[in-house]
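Okay, so here's the structure we're looking at.
The values are calculated or read from the model by the stated rules, or taken from the named source; none is laboratory data. Because the structure is a prediction, the values reported are computed rather than measured. Every residue, glycine as well, gets a Cβ built from its backbone with ideal geometry; the counts of neighbours run over all protein chains shown. Side chains included, ligands, DNA and RNA excluded: accessible areas come from the protein's heavy atoms. Shrake-Rupley method; radii C 1.70, N 1.55, O 1.52, S 1.80 Å.
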Amino acid sequence: MSKIGVLGGTFDPIHDGHLALGQAACDLLTLDRVLFVPAARPPHKVNDRVTDAETRCTMVQLAIAGNPSFELSRAELDRPGLSYTIDTLQSLRNEFPDAQLFLIVGADSMQDFLTWKEPSEIAQLARIIVCNRPGSAPPSPAQVEAWVGAQIAAQVQCLEIPSMDLS
């Protein structure tokens, strides 16, 4: 069974912190590959000014070029409507039916996880990997449980990545 990391985001722009996060997750979790998934229309940024999706996609392609563990996924770019994680994971599950999926998120995103569309279903489709942000330790299991409840927390693994103070 292959192990696939899923690292989504606006990537406006993608930067070394994203790449370091993807590589650390790949190394520490022995992933076969990490899919970088640019959001076409991020629901949490509908009123923000965001660079057009194709330009961000090109930036991701250029940034990950040369790393054989990294791949671009157009799962959100080629689908109409807002970019919801649940829809992306369902699409990836169909594309890779025998793979184990690992959704890679930052600790700040995990705090808002219950506001995401269908959070319980997300936790059923993928192991959720919560990574620390620069200058902070990864959250404790107790913190994660306080944010998302015991049922979802059982599908969460906290991962400490090397600190890079980049944004």
Inset, instruction - Tell me, please, whether a residue that is crowded, with 19+ Cβ neighbours inside 10 Å, more than 18 Å from GLU160 (Cα to Cα) and at pLDDT below 95 can be found in region 21-33. - result: no
Legend entry - Scope region 45-62; condition in contact (Cβ under 8 Å) with a residue 40 or more places away in the chain and either of a type in the set (Phe, Trp, Tyr) or open to solvent by 40 Å² or more (accessible area, probe 1.4 Å) (or both); matching residues: VAL50, MET59
Inset, instruction - Tell me the strands (runs of 3 or more DSSP E) entirely within region 71-167 that contain at least 1 residues that are within 16 Å of LEU35 (Cα to Cα). - result: 100-106, 127-131
Legend entry - Test: ASP87 is under 14 Å from the mean Cα position of the chain (by Cα) and surrounded by 15 or more Cβ atoms within 10 Å (Cβ to Cβ): yes
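Got a number for residues in region 142-159 being over 27 Å from LEU92 (Cα atoms) and exposed (fewer than 14 other Cβ atoms within 10 Å of the Cβ)?
Going through region 142-159 one residue at a time, the tally reaches 2.
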Legend entry - Every residue from region 1-24 that is part of a loop (DSSP other than H, G, I, E, B), within 14 Å of SER73 (Cβ to Cβ) and of a type in the set (A, V, I, L, M): ILE14
Legend entry - Matching option when the condition is surrounded by 21 or more Cβ atoms within 10 Å (Cβ to Cβ), farther than 20 Å from ALA40 by Cβ and touching a strand residue (DSSP E or B) at 6+ places or on another chain (Cβ under 9 Å), among ILE122, ILE129: ILE129
Legend entry - Residue list for region 38-70, restricted to those being polar (S, T, N, Q), at pLDDT 95 or above and not in a helix (DSSP H, G or I): ASN67, SER69
Legend entry - Test for PHE113: is it over 20 Å from HIS44 (Cα atoms) and under 13 Å from the mean Cα position of the chain (by Cα): no
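Do the conditions hold for THR10, that is, is it of a type in the set (S, T, N, Q), at negative phi and open to solvent by less than 50 Å² (accessible area, probe 1.4 Å)?
The answer is yes for THR10.
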Legend entry - Matching residues in region 94-114 - criterion: being open to solvent by less than 60 Å² (accessible area, probe 1.4 Å) and more than 25 Å from GLY17 (Cα to Cα): PHE96, ALA99
